[in-house]
Every structure is written in C-alpha cells, then in structure tokens.
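Okay, so here's the structure we're looking at.
The values are calculated or read from the model by the stated rules, or taken from the named source; none is laboratory data. Fair warning: this is a prediction, and the values are worked out from it, not measured in the lab. Cβ placement follows ideal geometry from the backbone for every residue including glycine, while neighbour counts extend to all protein chains displayed.
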Amino acid sequence: MLKDIGYSDILELFSDIPEELLLKDPVDIPGPYSEQHLTRLFQSIAAKSRNTSNMVSFLGGGIRQMYIPAAIEDLMRRGEFVTSYTPYQPEISQGLLQMLYEYQSMLAEILAMDVVNASMYDWATALGEAVLVMSRLTRRQKIILAGPIAPNRLAVARSYAEASGHELVVMPGTNGQLPVSELMEIFQQEKGKKKSQREYAGLYFEVPSYYGTLPDYPQPLIDAVHGVDALVTVGVDPISLGVIAPPGDYDADFVVGEGQLLGNAPATGGPLLGIMASKYDRKWIRQIPGRLIGATTELESQEAGYCITLQTREQHIRREKATSNICTNESITAVNAAIYMAALGKQGLVELSQSLADRAQYLATQLDQIDGISAPLYGPIYAEFVVDFGSITHEELETICLERGFVPGTKIDGSGCQRLLAVTDLHSKSDLDAFVATIREVVS
Amino acid sequence: MVEKRQQAHWQEKLIMDKGRPGRRAHIPDQLDIPHASIPTTWQRQQPAALPEVSELELVRHVVRLSQMNHGVDVGPYPLGSCTMKYNPKVNERIARFDAFAMMHPDTPDIAQQGNIEVLYRLQEVLKTITGFGGVTVQPAAGAQGEYVGMLISRAYHADRGDHQRTKVLIPDSAHGTNPASAAMAGYKVVELPSTENGYVDLEALAAALDDTVAAFMITNPNTLGIFEPQIKEISKMVHDAGALMYLDGANFNGVVGMVRSADMDFDIQHFNLHKTFSGPHGGGGPGCGPVGVADHLVDFLPTPLAAYDPDKDLYYFDYDRPKSIGRVHGYHGNFGIAIRALAYIYRNGGIGLRKMCQAAVLNANYLMEKVKQIKGYVVPKATGIPRKHEFIASPVPLMNDTGVTAGDIAKAILDYGIHSPTVYFPLIIKEALLIEPTEAENRDSLDDIVDALREIAEQAYADADSIHAMPKLTSRGRLDEYELAKNPVLSQRQSPDS
C-alpha cells in the first residue's frame, strides 16, 4: 500500500512533523497483551472489588442498581446500535432514530411533558443546563435551588452556572421539606417589582427530594413563580412516576432527572442518562440543549421517517452562540431506557413503582422499631429515606455491614449517624429482613 | 464494479402503536409485604400511556429496527473527525464484569478497590502517552472536557490575579464545540483565520495575542488532517503572551504514540476515549473526555481524582483539593467507556499504539491518493504534504460540471453500504468531504470506498439527476427535514397543532 502511493517507509508519512517532536521509541506502556492475558488482568483487578451480586446495597441518591430484565440485556448489545455514530445521515440510521423518538415519546408520557430531548450526560449536568435555559428564557441571572438536593448535583450546577455569571441561591429547608413560606415571600416581593427589575429566573426542586421526601403539593408555589414570569424546573426519579403525580400535572416548565433507573446498569457512575424535558413552546424548544429527534415523512412518499431536527441550536452550526456545547450525549442508554419502558408497559410501571414504595415503607417501619433508630427521619417518603442510626459511627456501621454483605446507604453530611437508604426491585423480603436483623444486632 | 447493498426496509410501526390492552412483557417482582399508601394529593390519576406488548413483540421490534441501522459492525464508517474504528468485543465483555458494571459509585472505597484502580491506571497511562503531569477522567464527553479545560484556564488566571484575560482564540477550522465550550465558560471567542495551506496564521495570531487572551484552543492535527509544523513556535508565542495552549484531542488518532502533547508545549488537552481508544459511539454517546494538564495546572483538575496510597496499598478518591474547579459530573464520568479504553490501551501496548497510529495515517493517505485520481475531485490545501489520520476531498469540479454536490455524494454512497464522510466541515473548505478511514479498515474495504466514490462521479457525469434520487437502498429515502424544522413533532404526546 505504501509503495502504491509513492512512499517506501512509513515514517515518510510523518515527515511533516518536526524531527525533535517525533518519538523514536514506543511510549512506555506494557503490552501488547493477548485476549486471554487481558481478560486475566481485568479479572484480577475486578477481584479487588466486592462482587455486587453477593452484596445487598441500599445505595441511591440519584442512581440505583435495579433489576435489568434478560430481554433488555440481550437487546442492548445489538452492534448495529452500539457501534453507530450520531444519526446525521437519517436514511441509513432509521432504526436508532425511531428508538430515540420512542424514548422521547414514552418518557414524555411518564413525565406528562410534551418534549423530551435525546439525552444529557446525567441528572447533575441536566440540572446545570436547566439553570442556563431558565436564565436565557427570562434574561435573569438568579436561580433558587430549594429543598434537599444531593451535594454532587449542587456542585455540578455551580460548575455550569457560575463561570458565566449566574447566581445560585441555595435554600435547603428543614425536615426534608421545601421552605415554602420563604419562597412565597421571595416571589411576592418579585411581584411588587417592575418586570424589568425582577431578578429571579426560576426555581428548582426535586420530587422526591434527595432525602426521599415528598414536599407539600407544590401548585400554589408554582403559581407564584409563574406570577412573576419566572420558570420552574423539577428533578424526578422516573420510576416514582408510576404512582406519583407527574410534573406536567402541576405545571412544571422543565423536568430533569436520572434515566439510569430505566434499565441501565449503574456502571460505577457512568454512562448514565440525563433527562431533559419541557413543555412545548415554539420559543422554548429553540432554547433546549442537546439533540432532538422529530417525526416526519419521506420527501417522495408518506412513509414515516425520523431525523434529528432543530440542529440550528447546536454547536456544530451555531458555534459560540449555541444553546450548549453538548455534542456526544448518552444515546445508547436512552435506547436501553426505551426498551425498558416498553417492556414494563402501562401496568408494569405502576406495579414496579408501587413495589418500591412498599419496600421502602416496610424497611423504614422495621428499622424504626429498633431502639435508638429513627426511620424515616423525614416524611412522607417514596423509595429512599433518611435513617438516624443513633450513637454508632459511620465507619463502624459501614465496616460491620460490609462484613455481612450489606452497603448501608450513603452518609448524609451533618450531625450523628444519618444515612440515606434506598430500596430497589432487587431486594427480596429476606434481604430486607436480614438487613434489619443485622442492624438490630449492630446497634444493641 | 463495487457491490451495492440493500438495507433492511421494515415498515415497523412505533412501539406505542403496537400490542393490545393487557399484554405484558416484563412483570415486576412483588413481595408479600404491606401495601404502602401514597399521600392523596400526590397520587397519579392516570397511568402513563406506555405500550402494552409481549416480550416477543418487543424483541422483534428492536431487532428489526437494529437491522435498519448502520454501525461499524455493519460496514465502513469513514466519518471524518469521528474516528469510527472497530470496537473490540473483548472490551465489551470486560466492561460487563459484575464488579464494574453493577457497582454503585458511592460504594465505600474499600469495597471497590478494583474500580478505583481502573480509573487510576487510566490516569497514569494517559499521562505516559502525553507527558502531562495530571489527568482527570471525569468529563463525560469531549465537549465537556473542553469546558473543564476552559474552567481550568479561568481558575489558573484568577489564581494569578490575571483577571483581565477574557478572550479565547480559536482557528476558523475548529470543531464547533470549541467556541461553544469557551462561550459557556464565560469567554469571548475570537476567531483566527487560517493560511492558504490550512495552517495557523502566525501573523494573525501575533496580532491577536495580548494580556486579555486567556488561551489558544487548537486542534492538531487540524480538521484538514494537517499537522501544524510550527507548533513549538505557536506555543512559545502564546506562552510569551501569558496565555495557555489548549489541545483539542479529537484528532489524536493521527499522532498517538508518535508525538507527546507535552513536548509540543501544550498546557491542557482533552481526549476522546470513544474515538482514539475504541469506545463504541453508541449512536451518539456515551463518550468519555478525560483532560490532561501540565504540572502547573494539576491543582485545578476536577474533584475527586483517583489516587493510590503505596504505604497502605489502597486506592481512594482524593477530595482534598482546595484549588479544584469542582465537579462537572455527578460521579466519576463515563467509567464504562474508561474501562474499555484502558483495555484497548493494554491490548495494544506502547508498541501497538504506535503501529495503530501509523496504520491509520497510511490508510488516510492511501485513500487520499486514490480519491485524488477520481475525475471531478480535488484535495485542497497543503499539496504534497502527507495527511495524518484524515483528509479532505472536495468535489468542486464535479459540482461545477454536473451540479452534484458533496451533500448528494454523501447520500449516494449510503447505497453502497458505506456511511458518508463528514460533509461541509470544516467550514473553510468548499464542498468538503472529510474522510477518516481509521486503521480498522483493510485494503479491500478502502478500495470499496474509492470504487464507490468513482462510480458515483461517473454516474454524475452520465446522468446527474439519478444521483439526486439516491439513496434508494437504505431503509428510507431522503426525508422532509425542512417541514419538520418548521413544525417540529418531537413526541407522540405533543399534539400536532400545539
């Protein structure tokens, strides 16, 4: 091949690189390894971690290890999807495009919102982008983040907002609840100002919150926010919406959340699936970040087809004026989520959703019966809740639980031994009972 | 004659339009425990209108749709600047190991030592490959890596009290993410023209550099596949002005193992592990966009970093980093892609990475020489200079002679079972077809691409209208994108007239 194109040495193809820069030797990385050697190496690395199938984990806080049905695990390996690029040539990418359109459509039904984009990186970055969208639409710079919110999501929201001059006002509230009266007061004050002098672009809160709690039904609060032309973004756990009222019902403008819960592995924290949804508004859909898939037809027939649309918002066309810099997203996890939502179906989502509420309430009730333990510390809860384990230290609790094969949730910053516990559909009744028995033994 | 390929053409209804009431696929596990009550005001009134299909219906639906999709596993994908190389299956299997795939990232460090070790090892090998002093794996994609790089630039200049640096310089041939990321970080973007040969214009650079410039973002090899021969001089000019050198690593496949970024005096670089190091692109994502920095910027990297304590022989996440820019991802970025990349790097070793790069460059130059000979094509800029991993072919003569454009060629080549090159990018070249074959395609496959392009050109000269009617063998013909952009239908829930 080299001779065919007039060269005699491969290094001639690098003759344009200054001699002083060209490495004479390979970089110092071991290998090449055979497939067997490579597999053994990674098996030995994996063996240094606990085998998750022998561990009962109560970790949540945004993502959870959920059961992945066999059919989904099998389908999510289709090389035609996994090894494809962004579907910029729709004629040869209809399969992926239709799957993504189905993802958008099914999630829209769950959220009761009209528009869902084709994915963000994760919940935290979706929140960061939602802050920027609310600011662009209102031309105001202050955004309130209210109620219990995970520290990692807050940190990411700051990274997205503050470099470009936005101000995040964090109002955590007490007892796992939204600080409704303070919020009402802020928006009433805004109401008294001239439109041009209003400062608040919007409000963000989570249902359920980071502490697993459901706030008071937020309709009056949202009406107050809308009363000053500000916007509301709600963060959700999509599984909860089988039994809990969806954000579209209480007039949320934007929704963010974590789609990992819809059939994707936790994967040590990524790839995840950032949910970004909005009401349908001709102005708003031109401000949403990320890719949008739309339904259309062939030019020459009425046969249905799908393609990326409204690309003029995106970085490859608008460059520094784009709505976001996002290009690569999390498509394959959105495809997995689409398959999962279809597999659960109308009845399955309700049942799964209820079954998590059942497990959480059962576990909290059992733990609460142990002397010195308070569970749930704040309510009402859905699938996650804060437990006060009393006088034991986090380290002691973690060590003993790990020895017995349990991960006792996540440490909550603050006084004492308070931890966030989450249930999943992997938990059997005997898992829950065994954990309660272990805790009873540990704290007594 | 090169073979054309008929893609599957199923008339597959939307999944929501299939099935019947009461049909089920996955039935959730129910425990024998009391039913929890949801507060009345919070109870959902109407169940979400999800499909009601059987498992077999769903499996057939997804398999049929997959058959209407092109991937590297199906055929060549010479999409420039995207590095659509083969994604080795062994990496997929390793990424699925239970301890990696099913681990919650908040698991105590002691119970996920191997997972932290994977991140640590990847940080270390990327340092070795580039000569940098520190690496974070947290950014979820290349664009987020760019954003992190810009935040690091802000933090570095602020730390020195250099607050007047508000501008970032970017060549006109750059990827669109560069200006978008710089703008998101609050910088003003100044676009620099390229020279006739596609290089950085040193005079324009000198004129633009002053104490208001924070960084110069550059892609090397650039988006024409051309290496900047004066990169050391450029770095010196930028550093003398007190600004930082940022390398967009999207085109790293053209130099990996041959040149180290630190030797070119770059301060910051992002990697696209899903390009250079074989993470599957997943239909547009996930990616993984680690950032490497020179020693003086290590303190500003995102938190946490994977770290190792040799005394205790323990891996841990280091949160004690007071100058850090903070977090850009809820957890540790796309671990699933990071581990595939690490497996790929070890599978190749230093020796293999060098060979891989050489093969990618050979393939690009072979293809360039062959395409150049096709009537109607030119290869603009930098004549006689070898390209790195990609090159631009421009069918301007063909368009002038026949009216067939780069966009038409992109559609016509789909009928050969070959994905189109990147079209109309970079913006500075007329009728650009940016072609990147990667090292993964063999000579037969490269010859197929050349033959397809030649046949299309010949057909254009013989009967241009027939090209406008292509593709014909893909699952759908050309779509009405214009009407859709005018009246976007973005979900089935959205009523058409809303």
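The single condition among (1) within 7 Å of another protein chain (Cβ to nearest Cβ); (2) more than 31 Å from the chain's Cα centre (by Cα); (3) in a loop (DSSP other than H, G, I, E, B) that A:L41 does not satisfy is (3). The listed residues are B:D159, B:D172, and the only one of them that is closer than 21 Å to B:P302 by Cα and among the acidic types (D, E) turns out to be B:D159.
Screening region B:394-432 for residues that are of a type in the set (S, T, Y) and not in a helix (DSSP H, G or I) and picking the one that is farthest from B:N253 (Cα to Cα) gives B:T405.
Selection of region B:87-137 for residues being within 8 Å of chain A (Cβ to nearest Cβ), within 19 Å of the chain's Cα centre (by Cα) and not in a helix (DSSP H, G or I) yields only B:N87. Within region B:371-393, being in contact (Cβ under 8 Å) with a residue 24 or more places away in the chain, of a type outside the set (V, I, T) and surrounded by fewer than 19 Cβ atoms within 10 Å (Cβ to Cβ) holds for one residue alone: B:K375.
Only one of the listed residues (A:Q260, A:Q287) is more than 9 Å from every other protein chain (Cβ to nearest Cβ) and surrounded by fewer than 24 Cβ atoms within 10 Å (Cβ to Cβ). That residue is A:Q287.
Looking across region B:183-197, just one residue is free of Cβ contacts under 8 Å to residues at least 12 places away in the same chain and at the interface with chain A (Cβ under 10 Å from one of its Cβ atoms), and that is B:A183. Any residue at all in region A:290-311 that is closer than 27 Å to B:V137 by Cα and among the β-branched types (V, I, T)? For region A:290-311, residues closer than 27 Å to B:V137 by Cα and among the β-branched types (V, I, T): absent. One residue alone among A:A252, A:A265 is buried (at least 24 other Cβ atoms within 10 Å of the Cβ) and touching a Gly at 6+ places or on another chain (Cβ under 9 Å), and that residue is A:A265.
The requirement of being in a loop (DSSP other than H, G, I, E, B) and either surrounded by fewer than 24 Cβ atoms within 10 Å (Cβ to Cβ) or more than 7 Å from every other protein chain (Cβ to nearest Cβ) (or both) is not satisfied by A:T312. Residues that are free of Cβ contacts under 8 Å to residues at least 40 places away in the same chain and outside any loop (DSSP other than H, G, I, E, B) occur in region A:351-359; there is at least one. Take the conditions (1) touching a residue at least 12 places away in the same chain (Cβ under 8 Å); (2) facing chain B (nearest Cβ under 7 Å); A:L111 misses just one of them, which is (2). Restricting to region B:8-60, and then to whatever is among the basic types (K, R) and in a loop (DSSP other than H, G, I, E, B), can you tell me which residue is farthest from the other protein chains (Cβ to nearest Cβ)? For region B:8-60, the residue satisfying everything is B:R20.
Among the residues of region A:362-372, the ones that are assigned to a helix (DSSP H, G or I) and out of contact with any Pro (no Cβ under 7 Å at 6 or more places or on another chain) come to 5 in all.
Restricting attention to region A:406-444 and to residues that are within 27 Å of the chain's Cα centre (by Cα) and surrounded by fewer than 17 Cβ atoms within 10 Å (Cβ to Cβ), the residue that is farthest from the other protein chains (Cβ to nearest Cβ) turns out to be A:G414. Only one of the listed residues (A:T333, A:T328, A:T393) is polar (S, T, N, Q), more than 30 Å from B:G19 (Cα to Cα) and at the interface with chain B (Cβ under 9 Å from one of its Cβ atoms). That residue is A:T328.
Within region B:442-452, being in contact with a helix residue (DSSP H, G or I) (Cβ under 6 Å, 6 or more places away or on another chain) and more than 11 Å from chain A (Cβ to nearest Cβ) holds for B:V450, B:A452. Screening B:A440 with (1) assigned by TED's automatic domain parsing to the domain that holds B:M368; (2) more than 27 Å from the chain's Cα centre (by Cα) gives one miss only, at (2). Answer yes if at least one residue in region A:272-282 is over 14 Å from the mean Cα position of the chain (by Cα), crowded, with 24+ Cβ neighbours inside 10 Å and at pLDDT 95 or above, and no otherwise. Yes, region A:272-282 contains a residue that is over 14 Å from the mean Cα position of the chain (by Cα), crowded, with 24+ Cβ neighbours inside 10 Å and at pLDDT 95 or above. Would you say A:R318 is surrounded by fewer than 23 Cβ atoms within 10 Å (Cβ to Cβ) and out of contact with any Leu (no Cβ under 7 Å at 6 or more places or on another chain)? Yes, satisfied. Consider region B:484-498 and keep the residues that are over 29 Å from the mean Cα position of the chain (by Cα) and facing another protein chain (nearest Cβ under 7 Å). The one that is modelled with the lowest pLDDT is B:S498.
Yes or no, residue by residue, for (1) more than 22 Å from A:G305 (Cα to Cα); (2) facing chain B (nearest Cβ under 7 Å); (3) touching a residue at least 12 places away in the same chain (Cβ under 8 Å); (4) touching a Ser or Thr at 6+ places or on another chain (Cβ under 7 Å):
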{"site": "A:G61", "(1), (2), (3), (4)": "yes, yes, yes, yes"}
{"site": "A:D74", "(1), (2), (3), (4)": "yes, no, no, no"}
{"site": "A:E80", "(1), (2), (3), (4)": "no, yes, yes, yes"}
{"site": "A:L97", "(1), (2), (3), (4)": "no, no, yes, no"}
{"site": "A:Y103", "(1), (2), (3), (4)": "no, no, yes, no"}
{"site": "A:N117", "(1), (2), (3), (4)": "no, no, yes, no"}
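Within region B:138-152, if we keep just the residues that are in a helix (DSSP H, G or I) and among the small types (G, A, S), the residue that is nearest to B:V298 (Cα to Cα) turns out to be B:G149.
Checked against (1) at the interface with chain A (Cβ under 8 Å from one of its Cβ atoms); (2) touching a helix residue (DSSP H, G or I) at 6+ places or on another chain (Cβ under 7 Å); (3) surrounded by fewer than 24 Cβ atoms within 10 Å (Cβ to Cβ); (4) of a type outside the set (A, V, I, L, M), B:F317 passes all but a single condition, namely (1). Every condition in (1) surrounded by fewer than 23 Cβ atoms within 10 Å (Cβ to Cβ); (2) closer than 26 Å to B:F252 by Cβ holds for B:I435 except the one numbered (1). A single entry from A:A118, A:A124, A:A130, A:A112 fulfils the requirement of being hydrophobic (A, V, I, L, M, F, W, C) and at positive phi: A:A112. Take the conditions within 30 Å of A:S240 (Cα to Cα), within 7 Å of another protein chain (Cβ to nearest Cβ) and aliphatic (A, V, I, L, M) and apply them to A:A322. Does it pass? It is false that A:A322 is within 30 Å of A:S240 (Cα to Cα), within 7 Å of another protein chain (Cβ to nearest Cβ) and aliphatic (A, V, I, L, M).
Annotation: of all residues in region B:348-359 being facing chain A (nearest Cβ under 7 Å) and buried (at least 22 other Cβ atoms within 10 Å of the Cβ), the one that is farthest from the chain's Cα centre (by Cα) is B:N348.
Summed over region A:188-235, the residues that are among the charged types (D, E, K, R) and under 20 Å from A:P380 (Cα atoms) give a count of 2.
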